[in-house]
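As structure tokens, the structure follows; a few thoughts come after it.
All of the numbers you see were taken from the coordinates with simple rules; none came from a lab. Everything quoted here is computed from the prediction, not taken from an experiment. Reconstructed Cβ throughout: ideal geometry from the backbone, glycine too, with neighbour counts over all protein chains shown.
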Amino acid sequence: MVEIGLGLIAAFAWGFHDFFVRIVVRQINIFTALLFSNCVGIFGLVSILVYFKEPLFISQTFLLISILYGLLFITATCSLFLAFQQGPIFVAAPIICAYPLLSLLYAALLGAPPTTNQWLLSGLVLFGLSLTVFPQINKDSKKESSIFPTIFWSVVAAFLFSLAFYFGQNQIIHGNEISSNLLARLAAIVILYSLNFGKSISLKIRFDQILILVFMGFADTFALTIMVYSGNFSNPEFSSVSASIFGLITIILVCIFYRERLSVPQGLGVGLVFVSIGILSLG
């Protein structure tokens with residue numbers, strides 16, 4: 001099925017993007033990395049608008065939601081960077097990718113309670129997370145390092161991403177997706193620079209680091225474009241499901257290149273989280 005294939009392509013793009021996050025957060029100031037990669041993303045989105053001759057849709061409501069979306073998205077991404085900087089990816093990625101559980105909570109608060117199957121799958125996700133996290137807590141208790149900063153920033157990132165995507169979906173009602181993401185990124189850059197007052201942002205970056213940031217910006221934009229394109233087919237939800245494994249791809253890459261090792265329970269936990277999230281995404 002074409003939709004599944006498109007989702008897998010997006011998953012690989014986002015998976016490699018997050019893998020390189022692990023590299024840049026240990027070499028480059030986080031604000032610098034976010035500013036640079038978002039600028040590249042804006043260039044990619046503008047190129048898409050020009051190539052496909054799409055009009056830039058702006059209204060007062062659309063602009064206000066874009067600012068809120070941009071604030072949530074940039075703080076969520078910053079939290080993701082901090083989570084990846086603090087600890088093992090195989091702990092952070094499943095927690096962050098479990099943000100659909102919070103979307104179910106919002107739906108319940110708005111009068112759409114989850115079904116029995118959704119409750120069951122949510123329980124499996126939480127059980128999978130426990131298999132992944134608790135062995136690492138026990139392991140770190142014997143060392144001076146702590147896994148709790150990783151868990152904290154991962155939970156914050158999941159919470160903020162769930163809110164960002166909620167408002168991002170609301171944006172689509174008032175305009176098109178490319179416009180919404182372009183305006184959100186512009187708002188994110190303004191917010192990022194304003195909150196930081198430009199003090200911690202340094203443009204002194206090595207050429208190899210610039211290449212990584214450019215790749216990250218284009219990978220993110222490419223994945224977004226693929227997901228938008230999947231809307232032209234009859235079952236775009238299958239693209240969303242297959243794209244949800246991007247965190248698993250990041251974990252596999254980290255295990256290969258950084259030799260991070262999972263115990264058997266942790267491996268089962270990671271697998272259970274992503275399978276359950278995939279089924280949950282089908283509704």
What helices in the chain pass both tests, a Cα length along the helix axis of 27 Å or more and a mean Kyte hydropathy of 0.0 or higher, using whole DSSP H runs?
-> 2-24, 30-51, 60-86, 116-140, 148-174, 177-196, 207-229
Length gained, R261-F127, 0.36 nm per residue minus C-alpha separation, equals 46.2 nm
For the pair Y106 and T61, how long in nm is the line joining their label points, each one 7 Å along Cα→Cβ?
-> 1.7
Checking rank on 68-80, 247-259, 113-125, 146-158, with mean other Cβ inside 10 Å and highest first, the result is 68-80, 146-158, 247-259, 113-125
Whole-number percent relative contact order across the chain, with pairs defined as alpha carbons under 8 Å at least 6 apart = 45
Regarding the chain, what whole-number volume in Å³ per residue does the convex hull of its Cα atoms give?
-> 142
Ranked list, fewest to most other Cβ atoms within 10 Å of each Cβ, for D208, D18, D220 | D208, D220, D18
From DSSP H assignment alone, runs of 4+ in the chain each adding -39500 (n - 2.57), the sum over residues rounded to the nearest 500 puts [θ] at 222 nm at -27000 deg cm²/dmol
Normalised convex hull volume, region 62-135, alpha-carbon set, Å³ per residue = 99
Least to most buried among M216, M227 (fewest other Cβ within 10 Å first) = M227, M216
How big is D, in µm² s⁻¹, for region 1-59 by Stokes-Einstein at 10 °C and 1.306 mPa s if Rh is the Kirkwood radius over C-alpha pairs?
-> 114
